[in-house]
Amino acid sequence: MARSAQIWDTRNGRVAHTLSGHHGEISSTSFNYSSDLCISGSIDRTCKIWDVASGQCVHTLRGHNDEILDVAFNSTGSKLVTASADGTSRVFNTMTGACQSILIGHEGEISKVAFNPPGSRILTASSDKSARIWDADSGDCVQILEGHTDEIFSCAFNYHGDTVITGSKDNTCRIWKN
């Protein structure tokens, strides 16, 4: 069971840093756009923010009651969002580590999260067969996408932020347009 992540230098094929500190398997990782920070989500119910240059943990983010399944930065790296098996997502300020909002409304675990390109909306995919779009500042749900007949495991905004794709255990993908 991997409780650490590694940052690799692709120029020489060597490990630059080993990021240790989680007490359970790491389920998701992501870099911010400028690549100076990365995040890791774990079944230990925490998310860690790491300084890429030093390999040091900057913040340990807590609050979920079950494992973290996915993590994502917004395009500026100022916010990050977590998805959890506890059925909530949390939006954190990257610099302070403070929780800015808790996205509550799904009736099952949230397996995937994503920001739209401007960072104003968050998309969540859930085992409750729905995807939801949230306001990234207020944490309010602004739209529920329903129609799949089984769990949704994947979701993404297009590069314009006006179209969503979801992938489900029902063997279908759906494209949702404004």
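Numerical summary
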| item | result |
| --- | --- |
| Test for Ser89: is it surrounded by 12 or more Cβ atoms within 10 Å (Cβ to Cβ), out of contact with any helix residue (DSSP H, G or I) (no Cβ under 7 Å at 6 or more places or on another chain), over 30 Å from Asp150 (Cα atoms) and polar (S, T, N, Q) | no |
| Candidates Ala5, Ala85, filtered to the one that is of a type in the set (A, V, I, L, M, F, W, C), at pLDDT 95 or above, under 29 Å from Ser127 (Cα atoms) and within 18 Å of the chain's Cα centre (by Cα) | Ala85 |
| From the options Val15, Val81, Val58, residue that is under 24 Å from Ser138 (Cβ atoms), touching a strand residue (DSSP E or B) at 6+ places or on another chain (Cβ under 7 Å) and part of a strand (DSSP E or B) | Val81 |
| Checklist (1) in contact with a Gly (Cβ under 7 Å, 6 or more places away or on another chain); (2) in a strand (DSSP E or B); (3) closer than 21 Å to Asp137 by Cα applied to Phe92, failing item | (1) |
| Subset of segment 13-51 [closer than 30 Å to Gly87 by Cα, touching an Asp or Glu at 6+ places or on another chain (Cβ under 8 Å) and either buried (at least 18 other Cβ atoms within 10 Å of the Cβ) or of a type in the set (A, V, I, L, M) (or both)] | His22, Ser27, Ser28, Leu37, Gly41, Ser42, Ile43, Asp44, Arg45 |
| Segment 42-59 residues that are without any contact (Cβ under 8 Å) to a residue 12 or more places away in the chain and of a type in the set (Gly, Ala, Ser), paired with ones that are surrounded by 21 or more Cβ atoms within 10 Å (Cβ to Cβ) and not in a loop (DSSP other than H, G, I, E, B) (beta carbon under 7 Å, 6 or more apart) | none |
| Residue satisfying condition, being in contact with a Pro (Cβ under 7 Å, 6 or more places away or on another chain) and either surrounded by fewer than 17 Cβ atoms within 10 Å (Cβ to Cβ) or within 20 Å of Ser30 (Cβ to Cβ) (or both), within set Ser154, Ser120, Ser138, Ser75 | Ser75 |
| Within segment 97-137, tally of residues that are aliphatic (A, V, I, L, M) and not in a strand (DSSP E or B) | 3 |
| Only listed residue being of a type in the set (S, T, N, Q), under 20 Å from Phe157 (Cβ atoms) and touching a strand residue (DSSP E or B) at 6+ places or on another chain (Cβ under 6 Å), chosen from Ser89, Ser75 | Ser89 |
| Filtered residues of segment 138-169 (kept if of a type outside the set (Gly, Ala, Ser), in contact (Cβ under 8 Å) with a residue 24 or more places away in the chain and not in a strand (DSSP E or B)) | His148, Glu151, Tyr159, His160 |
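The values are calculated or read from the model by the stated rules, or taken from the named source; none is laboratory data. Predicted model, so just to flag it, every value in this text is computed and none were measured. Glycine also receives a Cβ, built like all others from the backbone with ideal geometry; neighbour counts cover every protein chain displayed.
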